[in-house]
Each structure stands twice: as C-alpha cells, then as structure tokens.
Amino acid sequence: MSAERRRAIRVMTWNIHGALGRNPRFDLQKVVALILRADPDIVALQEVDSRRQAGLDPFVLLQESLGHYGIGAKSIITADGAYGQMLMSRWPLRDSETRDISYGAFEPRRAIRACIETPQGALHVAATHLGLSIRERKSQARVLLEMIGNRTPFVLLGDFNDWFWPGSVRRILARVLPDRSRHRTFPSGCPILRFDRIYCRPRGVLVQTWTDGEARRISDHLPCIGDVMLEGEHEGRAATDNIISPPIAVP
C-alpha cells in the first residue's frame, strides 16, 4: 500500500438491492468480496434486507465479514426480518445518531450520522437513502442540512434517487458540500442516472472517485468509491470532477 493510500481515507457507498439485483441466490459473499476489493475505510450500504432469508441476518453477516465498527438503521421491521441501511468504519464511531427522515405515507427512511476518529483526524460522516418523490426528497434534504450543520470536514454518502432537475437535491446539497462524485450508477447494466453519490467539504478533499463495473453482476446499482484527503494534503490537486480511476471506471 502506497504512502498516499495510507494518508487517504477511502469511502464507498453502494445500494446492494438486498443482493438480489442480478444475484437471485442472495449470495452476500459476492457483496463482501467486491467491498473488500475496493478496500474502503468507511462504507455505506443501502437496501440491506433480511426478509425472506431464513436463518440469515445480513446486518450481522456484513458487520462480521467486513470487521468494521458499524451502525445499522432498520427502517422496516416485519415478522420475517428487517430492511434498511448500514454505516461501517475501520475506526470507532462516536457522537452518532440515527434520524427518522420519513415523509408522509411514503416508505420509511433513515439517515445515520457519526464522527469517526481517523488517523488523519476527526471526520464527520452521514449515510442515507432518499425517497422517490420530489417533495419527499426536498423534505429529507432539509433534515440532512440540519444534521450537517457547521460540522467539517464532512462526507455524505448514499443513494439519493435524484434525477429530476427542478427541486434537485444535488443543487441543495452542493451549496454546503461543494465536492461530489458524478458517476452514472443506475441501472447497473447500462448506467444512465447518477443516483449514488459522495458529497464532501471543504472543497478539494475528494481527490478521486470511481465505480466498479463488476457490481452489475450483483446489484442493480453500481457503487461509488472515493478517496478523501485531510490535513491540507489535498491542496493543489485536480478537482474530483475530472478524475476517474482507470482500472475499473465505468463511463
């Protein structure tokens, strides 16, 4: 591992679609293997689903397999299991909260926030999965802005379901989190929409981003992966908008 990789903090967000996208046998080991290949320090997963999985709890399996500290936010709990998201880190999480960001009668949604003590210093991180309607997402974005507050440096990870420009969550979040990834991630077989994103501040900390085309065999979303550089080491680097990791980049 290079000295620069040791200094960088690698983050990843991925909607695993209950591992059922193109993975009908619910092979979570494929999910784990792809995540380990990316070697993230911090990972947010959406659509973690233990329903219909007799004797298997993906919330537990993912936590144990990845060996990270973590928080699971279960937005739906039924007699046959639970559905939600996870935020996991290589390092301990403190000052954490899980916020209910549900809107009206739409599907329940959650947002997780925590402060992570990295070797480069404290990093505030939030993970979420926004709703499908414009009104819903705008309401949820306001809650996210409240959770972000004046905390910095900050990384926001998730599936934002943001595709329609009027009332765009992207426009709202970019005002306070100027760095962002821009990869098309959905549908994974032929990505058109930029649903899955990494947002950061201050400007310039997100030094490169990429995705992994192998994920199309597992989920209907591609993951978004990026390197964050703290301690001023990002100064003078190129903007993340123009950087894609060549080995596994997807147009």
Let me know the shape class of segment 3-248, please: from the alpha-carbon gyration tensor, a ≥ b ≥ c as square roots of the eigenvalues, rounded when a/c is under 1.5, otherwise prolate if a/b is greater than b/c, or oblate. rounded
Take the alpha carbon gyration tensor of segment 35-141, find the square roots of its eigenvalues, order them as a ≥ b ≥ c, and report rounded if a/c is under 1.5; if not, report prolate when a/b exceeds b/c, else oblate. oblate
Show me, for segment 116-128, the HN-Hα J-couplings you get by feeding each phi into the Karplus relation (A = 6.51, B = -1.76, C = 1.60, θ = phi - 60°), rounded to Hz, glycine and proline as x. 10, 8, 8, x, 8, x, 6, 10, 8, 9, 10, 9, 7
Tell me, what HN-Hα J-couplings in whole Hz come from the Karplus equation 6.51 cos²θ - 1.76 cosθ + 1.60 at θ = phi - 60° for each residue of segment 132-148, using x for Gly and Pro? 9, 9, 5, 4, 4, 5, 5, 4, 5, 5, 5, 5, 4, 4, 5, 5, 5
How many nm is it between the label spots at D39 and T78, if each spot is 7 Å from the Cα in line with the beta carbon? 4.0
Using label points projected 7 Å from each Cα along Cα→Cβ, tell me how many nm separate R142 and R51, to one decimal. 2.9
Long-range amide H contacts for F195: which residues qualify at under 5 Å (H placed 1.01 Å from N, peptide plane, sequence gap of 5 or more or a different chain)? T185, F186
Suppose each label sits 7 Å from its Cα in the direction of the beta carbon; what would the A105-R151 distance come out to in nanometres? 3.4
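Each reported figure results from applying straightforward, stated rules to the coordinates on display, with no laboratory input. This one's a predicted model, so the numbers in the text were calculated from it and none came from an experiment. Neighbour counts are summed over all protein chains in view; Cβ atoms, including those assigned to glycine, are modelled from backbone coordinates with ideal geometry.
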